[in-house]
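> Okay, here's the structure, questions in a sec.
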Number of protein chains: 2
Amino acid sequence: MIKPRTPPGVMELLPRDQIAFQRMLDAIRGGFERFGFLPVETPVMELSEVLLTKTGGETERQVYFVQSTGALEKQDEGRPELALRFDLTVPLARYVAEHEHELAFPFRRYQMQRVYRGERAQRGRFREFYQCDIDVIGKDALSPRFDAEIPAVIAAVFDALAIGDFTIQLNHRKLLRGFFEGQGIEGERQMLVLRELDKLDKRGQDAVRATLAGDGFGLSAEVVDKLMAFSRVHSNGHADALAKLDALGSGTLLFEEGRDELRAILDQLKALGVSENRYAINLSIARGLDYYTGVVYETTLNAYPQIGSICSGGRYDDLAGHYTKSKLPGVGISIGLTRLFYQLREAGLVATADSSVDVLVALMDDAMLADALALSQRLRAAGMNVETQLEPRKLAKQLQYANKAGIRFVAMRGEDEAARGTVAVKDLRRGEQFEANDAEIANALLKAKETGHA
Amino acid sequence: MIKPRTPPGVMELLPRDQIAFQRMLDAIRGGFERFGFLPVETPVMELSEVLLTKTGGETERQVYFVQSTGALEKQDEGRPELALRFDLTVPLARYVAEHEHELAFPFRRYQMQRVYRGERAQRGRFREFYQCDIDVIGKDALSPRFDAEIPAVIAAVFDALAIGDFTIQLNHRKLLRGFFEGQGIEGERQMLVLRELDKLDKRGQDAVRATLAGDGFGLSAEVVDKLMAFSRVHSNGHADALAKLDALGSGTLLFEEGRDELRAILDQLKALGVSENRYAINLSIARGLDYYTGVVYETTLNAYPQIGSICSGGRYDDLAGHYTKSKLPGVGISIGLTRLFYQLREAGLVATADSSVDVLVALMDDAMLADALALSQRLRAAGMNVETQLEPRKLAKQLQYANKAGIRFVAMRGEDEAARGTVAVKDLRRGEQFEANDAEIANALLKAKETGHA
């Protein structure tokens, strides 16, 4: 006998949690599709040569390689031919470059699949997790107008997920770099300073100030003050965001370009009718990756800042330089749904879902089986998800089962109801019972289903 | 520069094909949920020790093993710890055994995920493919009534998929084994005879007859005749199925048990209102696996028998004997959707889908951007999937793009329409144009969308 168990670092759910998870996936997909994004799925395995174009990075250390039995037996030396994707960005780059001549640009795609990373096993760290990504890819160029559409999608998605108030925080790499330029901080040092500023929350003002003014950086007290003040800028409401941007004073060409783009994004969000509570500028947002070149996004739950960003991304200049000579700039975001679901559950923010089954059709008497089957099919034809009790069992047990399984309605048709041409229904959520004619039962149930949602 | 390409043996689709594929997945999921099946997803990686309980089979030769960079560097000898699932049945067995005390039995689950097999690379053979499975698992026992629900689900699913008429073919292992018993064919020989009968289509009557009457089997001409006659039995319609079962004459206890169960399944399918054109008995159906112990199912497209079975399964006695002492009998089926999609496409049975985008909101004039954004959001709020043209472009080009992308409607609001308070809409499918007031445009589009489906 072998102990049945999953490998460490994966999330496997019981059905009712899986239903809750699936509803989140569906809501996200719905939001992505509302904004015209098209679905893409890529294979979980990519050729190692294609997947691992950069070598030696931390990412590669986390890659899972795949080998068939045959390849293992050959004891091939060197890197196995296949590897599991570690994100959806590299597969997107490969996909767009491979199908460049078959796609229409700007190409809006969404992709919601699992990715794999050999993370250190740890609570809340996953080796297999869902990413839900959208990106818009341009050919040669991509209008900054797409930068404003992305937060509108994020807002629609998280409104639909209904996990509480959230703020999409915006910053701009050109604004940041322009500001650094203005302070005489150039090139590589910009990244190093950014990295220090990123630690403000953890290390506190004084420690970061000391580092920046210390020998390593050698910045003047005045510059350090300006940096600290800059990274503390965040807005509250639309007008405040514009005012805070104005109040930054004038700067380098790059700085002004970044500020103009941020202003345009704010204008466009307003035109899109996105509630001004949903977005803010936050000039401390940097996003670790060198990859981003324009706007950057982070999204936080207002009541749970400790969860960190639940949806991040930004604008990049060159998606697929390893695969094609075409310049493919893009903008996108990613939701790490497995981690988010885990954290929401820990915070008590996802309740166990009701069953996906709407109605249990009870078996009142074994002689009524054909009747119960026919009733089930009528309800299914009306669009309800129906489980039929197929084996004789005490009614109390059937009700108990429905209750435990999160099935809201139990339809009961015994000899009495059959004689009357009716069906009795128990609404377990409301603790009520009603009866309807055979001809009306499907509509009565659909109507009851619409009311009294938990 | 690295050539962007996928590994051999995977199916990757362009967006419009992906939409068609996604619609099939959604239809299948909808059908599964209609009948009360609950979703399960399992990790793509299982512990090798757990996954590969039987050793040396053909399946194990096709298994993909997974190793992190760290494990590769250690040059571990022996079998890697992780492997990719090769079907959804072993993960189901592991899942049910692992969560036995948290699940309610009979447990109806569906699972739609990709599985991995190191198949020989060949056109139409896939190393990564979707399986869409349903199973009902009982604890200790499972009423044969569940055997009849499965074909009702298959019928609902393939009706929804609308890929042409199909027949769910039923046989029963007890009937088969009972019949063999009656002819004095026992034990292992039953499987060998079955295997020969399975070759009837390929080898023809005479060749199979010669084999069965030859030295290896040594069956009398009379028995061979009976076997051939038996395996030719298939029905046409409900009454004919019952009549054909009656006409088999009397048999052993096992034979009668199988026949009674088949009759009960037929009765129940009738009670469920499944059209009698959708099912038939076919006593030549064996299903290769020793695994099945009761009813077996195969489903074929009437117009494309050469595609073979598109949905198969049956009843088994013991799902998870490797993981638990509990007896877990079950019944289920599997749809190999990747292969099915591939074959339907080859046969010209899946057209490239319309876009998932319902409406392109055109940009008539760059000064109208805010107006176009607001209109887009109104249509989205009404439930439509909308792409906004964000960059200035000639209207003819915008229409051309919508047409090529399979977007049916283009909403146009230039200065004239804005002055009139209307929106003009081109219906590219019908080649018509209409105009509606701002207040009515969303409803007008929803109504137009309902009509004239291709």
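The values are calculated or read from the model by the stated rules, or taken from the named source; none is laboratory data. Keep in mind the model is a prediction, meaning the values are calculated, not measured. Ideal geometry is used to build each Cβ from the backbone, glycine not excepted, and the neighbour counts take in all protein chains shown. In case anyone asks, the SASA skips ligands and DNA or RNA and just uses the protein heavy atoms, side chains included. Shrake-Rupley method; radii C 1.70, N 1.55, O 1.52, S 1.80 Å.
> Taking loop as defined by DSSP and a crowding limit of 16 other beta carbons within 10 Å, which trypsin sites (Lys or Arg not before Pro) in region B:1-102 fit?
B:ARG5, B:LYS54, B:LYS74
> Compute the long axis of helix A:441-450 from its Cα atoms, compare it with the longest principal axis of the Cα atoms of chain A, and write down the angle in degrees, 0 to 90, nearest 10.
Between the helix axis and the principal axis of chain A, the angle is about 30 degrees.
> Let me ask another. Ordered shortest first, which distances in nm separate the 7 Å Cα→C-beta label point of B:PHE217 from those of the other copies?
Label-point separations across copies, in nm and ascending: 8.5.
> Mind putting a number on the dipole of region A:282-385 about its Cα centre? Charges go on the C-beta only, +1 for Lys and Arg and -1 for Asp and Glu, and I need it in Debye to the nearest 20.
Charge dipole of region A:282-385: 560 debye, to the nearest 20.
> Another question about this same structure. Within region A:314-454, what percent of beta bridges assigned by DSSP are antiparallel, to the nearest 5?
Given both bridge residues lie in region A:314-454, the antiparallel proportion sits at roughly 70 percent.
> Moving to a separate point now. How large, in percent, is the carbon and sulfur part of the accessible surface of region A:1-160 at a probe radius of 1.4 Å?
That share works out to 45 percent.
> Another one. Please figure out what share of the DSSP beta bridges in region A:165-302 is antiparallel and state it in percent, rounded to the nearest 5.
Given both bridge residues lie in region A:165-302, the antiparallel proportion sits at roughly 75 percent.
> Further, regarding this structure: Mind pulling the angle between the C-alpha long axis of helix B:188-197 and the longest principal axis of chain B? Nearest 10 degrees, somewhere in 0 to 90.
50 degrees
> Simple spin-label model, 7 Å along Cα-to-Cβ: A:VAL233 to A:MET191 in nm?
Going by the 7 Å Cα→Cβ label model, 2.4 nm.
> Okay, next question. State the extension gain, in nm to one decimal, for the chain segment bounded by A:GLN306 and A:ILE2, taking 0.36 nm per residue of separation less the distance between their alpha-carbons.
Here the segment from A:GLN306 to A:ILE2 would lengthen by 105.5 nm.
> Moving on to the next point. Each residue of region A:241-248 in turn: what ³J(HN,Hα) in whole Hz from Karplus with 6.51, -1.76, 1.60 and θ = phi - 60°, glycine and Pro shown as x?
Karplus values, whole Hz, x for Gly and Pro: 4, 5, 5, 5, 5, 4, 5, 6.
> Now for a separate question. Given a 1.4 Å probe and no ligands, DNA or RNA in the count, how much accessible surface is buried by A and B, both sides, to the nearest 100 Å²?
9000 Å²
> Note the angle between two axes, namely the Cα long axis of helix A:89-98 and the longest principal axis of the Cα atoms of chain A, as a number of degrees from 0 to 90, rounded to the nearest 10.
The angle comes out at about 90 degrees.
> Calculated FRET efficiency, B:LYS325 and B:ARG61, Cβ-Cβ r, R0 41 Å, to nearest 0.05?
Computed FRET efficiency for B:LYS325 and B:ARG61: 0.85.
> Which residues, if any, in region B:1-21 lose at least 50 square angstrom of accessible heavy-atom surface (probe 1.4 Å) when the other protein chains sit next to their chain rather than the chain being alone?
B:MET1, B:ILE2, B:PRO4, B:ARG5, B:PRO7, B:GLU12, B:LEU14, B:PRO15, B:GLN18
> For chain A, what is the mean residue ellipticity at 222 nm derived from helices alone (per DSSP H run of n ≥ 4: -39500 (n - 2.57); sum divided by total residues; nearest 500 deg cm²/dmol)?
My calculation for chain A gives -12000 deg cm²/dmol from helical runs alone.
> Now for a different question. If you place +1 on the Cβ of every Lys and Arg, -1 on the Cβ of every Asp and Glu, and leave all else neutral, what size is the dipole of the protein assembly as shown about its Cα centre, to the nearest 20 Debye?
440 debye
> Could I ask something else about it? If the only charges are +1 at each Lys and Arg Cβ and -1 at each Asp and Glu Cβ, what is the size of the charge dipole of chain A around the Cα centre, to the nearest 20 debye?
Value, rounded to 20: 840 debye.
> Provide the FRET efficiency to the nearest 0.05 for the B:LYS226-B:GLU276 pair, computing r from the beta carbons and using R0 = 35 Å.
Efficiency at R0 = 35 Å is approximately 0.80.
> Would you mind telling me the antiparallel percentage of the DSSP bridges in chain B, rounded to 5?
Around 80 percent of the beta bridges assigned by DSSP in chain B are antiparallel ones.
> Residues of chain A: accessible area per residue at 1.4 Å, in Å²?
42 Å²
> While we're here: Starting from the Cα of B:ARG125, step 7 Å along the direction of its Cβ; do the same at A:PHE217; then give the gap between the two resulting points in nm.
Placing both labels 7 Å beyond Cα along the Cβ direction yields 6.1 nm.
> Let me ask something additional. What is the sum of charges around B:LEU390, taking Lys and Arg as +1, Asp and Glu as -1, for the other residues whose C-beta is under 12 Å from the C-beta of B:LEU390?
-2
> Carbon and sulfur together cover what percent of the accessible area of region B:298-451 at a 1.4 Å probe radius?
Looking at region B:298-451 in its full context, I get 47 percent from C and S.
> If you don't mind, there's one more thing I want to ask. Can you figure out the FRET efficiency of A:ALA162 with A:GLU440, using R₀ = 30 Å and their beta-carbon distance, to the nearest 0.05?
0.40
> I've got another one for you. As an exercise, identify the trypsin sites (Lys or Arg not before Pro) in region A:372-409 lying in DSSP coil whose Cβ has no more than 15 other Cβ atoms within 10 Å.
Within region A:372-409, the qualifying trypsin sites (Lys or Arg not before Pro) (loop, at most 15 other Cβ atoms within 10 Å) are A:ARG393, A:LYS394.
> What is the gain in length, in nm to one decimal, between A:LEU14 and A:ARG79 on full extension, counting 0.36 nm per residue of separation less the C-alpha to C-alpha distance?
19.7 nm
> Hey, another quick one. DSSP loop trypsin sites (Lys or Arg not before Pro) in region B:281-325 with at most 11 other Cβ atoms within 10 Å of their Cβ, which ones?
Sparse-neighbourhood loop trypsin sites (Lys or Arg not before Pro): B:LYS325.
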